[in-house]
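The values are calculated or read from the model by the stated rules, or taken from the named source; none is laboratory data. What you see is a predicted model, and the numbers here were worked out from it, not measured in a lab. Every residue, glycine among them, receives a Cβ derived from its backbone with ideal geometry; neighbour counts consider all protein chains shown.
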Amino acid sequence: MSETADQPTVVLEMTEPVPESTVRTGPAAVLRAILTAPFQARTWKEFAYLVVAFVLGCLAVCYLFLGIGGGVYLSIFVVGLPILAVIILGGRIWGAVYRAIARGLLDIDVAAPADFRPDPGFLGWFKSVFTDRTSWRALLFLLTQAFMGVLLGYFVLVAIAMAVFTAISPIPWVLVHPINVDENGVEHHSLFQFNDTYIETWPQVLGVAAIGVVLCLFLPWLVRGVCWVQRWLTVLLLGPTARDRRITELQESRRAAVDDAAATLRQLERDLHDGTQARLVTIAMTLARAEERLAAGGDAGTLIADACAGSKEALTELRELVRGIHPPALDLGLEPALQTLAARCAIPVELGVMLPQRPSPAIEAIAYFSVAELLTNVVKHAGATRIWVSVLPTGTDMIAVSVRDNGTGGALQPLDSTVERAVGGGLSGLAARARAVDGYLLVDSPIGGPTVVTMTLPLAGPQ
């Protein structure tokens with residue numbers, strides 16, 4: 001990548017290297033996978049899931065038939081509507097049960113949808129139940145289990161039982177000594193019969209058993225295919241929708257914005273109380289002493305000079321506080337404001353700004369304060385000797401604000417709010433600030449550098 005500010009910054013997400021053994025696709029690796037699949041814990045867990053899904057599927061069919069069907073039938077009478085509402089709302093319980101089973105046996109953790117929050121009042125509760133998308137999606141999942149869990153699951157379980165029995169057929173053939181009699185009255189020591197052919201000799205029995213062993217080797221892949229569809233259905237119908245995730249992100253962004261505003265107000269209060277207010281009190285006391293000295297006929301020139309110096313310092317502090325709330329340079333636009341930041345930075349900064357139009361004031365403020373914080377982080381922690389800042393359009397209504405340095409790297413990518421974890425307050429705060437306006441933050445910071453932090457923001461703010 002060229003180290004010029006007038007070119008777009010390319011951000012690549014970091015991925016862990018894949019071990020070489022996991023990407024081999026030669027014949028030996030395929031044969032090893034086939035031979036070891038029946039003995040892997042995953043196979044047995046997925047087989048257990050099919051058994052549980054078959055049992056639950058039978059119960060789900062009864063639940064749908066008796067619950068929904070009975071509720072619809074009883075809806076002719078008034079008592080049927082509350083029963084139907086409870087049956088619909090019960091879909092959430094079924095969804096929780098299937099998510100727990102999928103988490104334990106399919107090793108897939110599906111986040112729960114938003115909690116049920118009914119509208120106030122009896123009629124509001126009814127309306128909320130009958131319009132609850134989560135409950136209806138869960139009932140649709142139960143309907144799919146009539147095929148996936150019961151019908152298809154039954155055939156898969158029967159196929160497994162037949163393949164296993166065929167593989168071990170020499171054991172009952174020897175121990176039980178089964179006898180079949182043909183139409184001519186001739187007895188055959190045979191477990192299997194194909195038309196007029198009886199499997200009654202050791203070579204025949206071992207050959208059939210070998211076929212059963214081969215089938216057992218391929219059964220895990222049949223189980224995995226069925227369970228893959230079950231995973232897909234679980235995520236699609238029992239997990240949060242894009243709308244649910246959007247609501248969660250908005251709630252997290254609102255909480256982050258409120259916390260950020262409260263922290264800013266507390267910081268302003270401390271700065272005013274400990275700095276400007278104390279200095280103004282000192283000025284007032286100095287002027288009072290000067291007044292007393294003048295009334296006594298003395299010389300108060302020194303006290304008045306001290307008060308003047310204190311007032312100048314107080315004005316300087318107030319300007320700094322105002323600049324922290326809304327930098328005056330932003331009145332001229334984002335580019336002049338960033339030029340001011342670049343000029344103040346202790347490390348040389350190369351700035352490149354190309355905007356199709358002026359962003360909204362809120363976006364300009366977020367971009368300005370984010371760049372200011374990133375520049376501070378680079379100066380304090382990166383060990384860099386040069387910084388590149390760019391603001392470039394990405395599409396018709398988005399801009400990318402990038403800060404690149406040639407430091408030591410090692411910064412962590414903040415995770416999405418739905419799976420938030422502690423990764424360092426600075427970048428997490430910037431990510432929350434970006435999400436608050438429908439933007440996002442990407443971090444590319446390999447060990448040894450360089451570090452590229454890119455914040456993508458809408459030109460006009462959130463819609």
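Points worth noting:
- One residue from 84, 123 being assigned to a helix (DSSP H, G or I), aliphatic (A, V, I, L, M), over 34 Å from the mean Cα position of the chain (by Cα) and surrounded by 12 or more Cβ atoms within 10 Å (Cβ to Cβ): 84
- Single residue of the stretch 444-463 satisfying the filter (among the aliphatic types (A, V, I, L, M) and closer than 14 Å to residue 408 by Cβ) that is modelled with the lowest pLDDT: 447
- Scanning the stretch 384-406 for residues that are hydroxyl-bearing (Ser, Thr, Tyr) and farther than 24 Å from residue 347 by Cβ yields 394, 396.
- None of 302, 282, 286, 340 is more than 35 Å from the chain's Cα centre (by Cα) and exposed (fewer than 12 other Cβ atoms within 10 Å of the Cβ) except 302.
- Scanning the stretch 355-395 for residues that are surrounded by fewer than 17 Cβ atoms within 10 Å (Cβ to Cβ), β-branched (Val, Ile, Thr) and touching a residue at least 40 places away in the same chain (Cβ under 8 Å) yields a single hit, 394.
- Failed item in (1) closer than 16 Å to residue 234 by Cβ; (2) part of a helix (DSSP H, G or I); (3) of a type in the set (Gly, Ala, Ser), with residue 112 passing the rest: (2)
- Residue that is outside any strand (DSSP E or B), modelled with pLDDT of 85 or more and of a type in the set (Val, Ile, Thr), where the choices are 371, 389: 371
- Counting only residues that are in a loop (DSSP other than H, G, I, E, B) and of a type in the set (D, E, K, R), the stretch 392-410 holds 1 of them.
- Against the test of being within 54 Å of the chain's Cα centre (by Cα), without any contact (Cβ under 8 Å) to a residue 12 or more places away in the chain and in the same structural domain as residue 225 (by TED's automatic domain parsing), the options 194, 147, 130, 141 yield a single qualifying residue, 147.
- Filter result for residue 28 (under 33 Å from the mean Cα position of the chain (by Cα) and either modelled with pLDDT of 75 or more or surrounded by 14 or more Cβ atoms within 10 Å (Cβ to Cβ) (or both)): no
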